[in-house]
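These notes are about the structure you will find just below.
The values are calculated or read from the model by the stated rules, or taken from the named source; none is laboratory data. What you are looking at is a predicted structure, and each value in this text was computed from that prediction instead of being measured. Virtual Cβ from ideal backbone geometry, glycine too; neighbours counted across all protein chains shown.
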Amino acid sequence: MIDGYLVDQCELIATTRNDFGDEVEGVTQVLPCRWRDITLVRRGSHQDTSDASSLVHLAADAPVVRGSILKYNGEYYQVDEITYARRLGETTVQFIKCGVTITNLGVS
């Protein structure tokens, strides 16, 4: 349904653990996507707090699950929420929308 809008690319990272228990990057799979950076600002009593997050739209058959790691523009993101978009009254998934947050995979 939205394949024409998926003009960006991200990598789905399969992670493994090394002998020391550190999470390291394994096999990657390139996925077509539409990446949207979003900045949220929460007002506190003394200062503003900024949380950086993004929304990613993927094809309906993308193999992502909650907790998956995506890499985009050199940054690693963890999938926190997944929405399977369906038309009203239908069961076929049209596309997948994921809420992601920056993670520290790959930082030593």
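List of remarks:
- For first residues located in the range 16-34 and under 11 Å from residue 58 (Cα atoms), partners that are polar (S, T, N, Q) and lie 6+ apart or on another chain with Cβ distances below 8 Å form the pairs 31/9; 32/9; 33/9.
- Selection count where residues are within 14 Å of residue 35 (Cα to Cα), in a loop (DSSP other than H, G, I, E, B) and at pLDDT below 90, scope the range 62-108: 1
- Looking across the range 15-36, the residues that are of a type in the set (Asp, Glu) and in contact with a strand residue (DSSP E or B) (Cβ under 6 Å, 6 or more places away or on another chain) come down to 23, 25.
- The set of residues in the range 56-108 being of a type in the set (Gly, Ala, Ser) and on the phi < 0 side of the Ramachandran plot consists of 59, 60, 62, 68, 85, 99, 108.
- Only residues that are surrounded by fewer than 15 Cβ atoms within 10 Å (Cβ to Cβ) and in contact with a Phe, Trp or Tyr (Cβ under 9 Å, 6 or more places away or on another chain) were counted in the range 56-82, giving 1.
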